[in-house]
Amino acid sequence: MVLNVFPENLAWLWDIIAMIIATVTLLLVVKINGKIEKSGKLPSFITRKIIHIVVAPIFLLTWFLYTCTTVSRYIAMIVPFLFIVQFIAIGTGFLKDDDSVRSMSRTGDPKELLQGTLYYSIIILLVTVVWFYVPASALNYATLKGNPTAFVIIGCLAGGDGLADIFGRIYGKKKFGIGGAKKSFAGAVGMFFGSFIFSIGLIAIFSIEVGNFEVVTLMLPVFIISVVATIVEFFSPPKIDNITIPVAVIIVIVLLFYLTPLWPFDLITIIA
């Protein structure tokens, strides 16, 4: 158990506290970023991508707070679920939140939150349900191994896709794309290095607790996944890369699992 100040029978209560801490932390990140964008100190495309890059990794890091009992993942999933509800409410006009709109939309139109931003949150929700963090101490409860799938998906989705846009806008000269997308080779470089560095970085952080995360051994499969994610992002039509990138990562992991010895982990993580 990573952290629990209560008795075992009240582990669920600590998980609720952890969920509240995670929610407040992410809301603060969005609010602060919205204020920075409003001040004009950074270009809007930078502040928007800051949210894209940091929110999902920060959420994954809050997994350290949970007790990792059977219900932990379902309490943790409340955080992305609340953001999904929030984005739908803002995008449909039911809720007004200027800081969120400034932080996560290109044009300032709240309806944009019903597209890439919503997909991003849905992926985080699915990652939490299927690949929630299993700490070393929880491995005594079942024959489980820690699973790095969540960290690679989020590494490519957040770090890779976020840096792709920043690199592409700053250094990309010639633009390519399908269906109106604007891609560049500079953006592809940002996508690859962002995917690889963020994925390995998250795995390295969690390897402190998860004994079977051998960072050096995982560099090759993460390299392969990052290359494929970069190719998929390059050819993705606009507004759907928050879906195509995670799907591509999952497909590569499944292929590595069945066809090679490079992915010695269960395809899903279940805490019994």
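Over the Cα atoms of the stretch 135-272, Rg to Rh with Kirkwood Rh, two decimal places? Don't skip to the end; give the middle numbers.
Details: Rg = 16.0 Å, Rh = 15.4 Å.
Taking Rg over the Kirkwood Rh, I get 1.03.
Sequence-distant or interchain residues sharing an amide H contact under 5 Å with residue 176, placed H: which?
Placed amide hydrogens put 183, 184 under 5 Å from residue 176.
Which entries of 96/182; 49/173; 35/174; 96/175 have Cα-Cα distances beyond 28 Å here? Provide the component values of the computation, followed by the final result.
Details: 96/182 30 Å; 49/173 19 Å; 35/174 33 Å; 96/175 35 Å.
Violating the 28 Å limit, Cα to Cα: 96/182; 35/174; 96/175.
Taking the Cα-to-Cβ direction at residue 42 and at residue 170 and moving 7 Å from each Cα, how far apart do the two end points lie in nm?
Output for this residue pair reads 1.1 nm.
Stokes-Einstein diffusion coefficient for the chain at 10 °C in a medium of 1.306 mPa s, Rh from the Kirkwood formula over Cα pairs: what value in µm²/s?
The diffusion coefficient I find is 83 µm²/s.
Which value in nm describes the separation of the simple spin-label points at residue 231 and residue 12, placed 7 Å from the Cα toward the beta carbon?
Result: 4.7 nm between the two label points.
Where does the chain land at 222 nm, in deg cm²/dmol rounded to the nearest 500, when only DSSP H runs of n ≥ 4 count, each adding -39500 (n - 2.57), divided by all residues?
Working: 11 runs with 168 residues, N = 272.
So the calculated ellipticity at 222 nm is -20500 deg cm²/dmol.
Be a star and scan the stretch 208-231 for residues whose amide nitrogen sits under 18 Å from the point 7 Å along the Cα-to-Cβ vector of residue 258.
What the label zone holds, given the 18 Å backbone N cut-off, is 225.
Go ahead and run the numbers for FRET between residue 5 and residue 85, Cβ-Cβ distance against an R0 of 30 Å, rounding to 0.05.
Working: r = 29 Å, r/R0 = 0.98.
The value I calculate is 0.55.
A short reminder: the numbers here are calculations on the coordinates, not readings from a lab. The model shown is predicted, which means the values in this text are computed figures rather than measured ones. Neighbour counts are summed over all protein chains in view; Cβ atoms, including those assigned to glycine, are modelled from backbone coordinates with ideal geometry.
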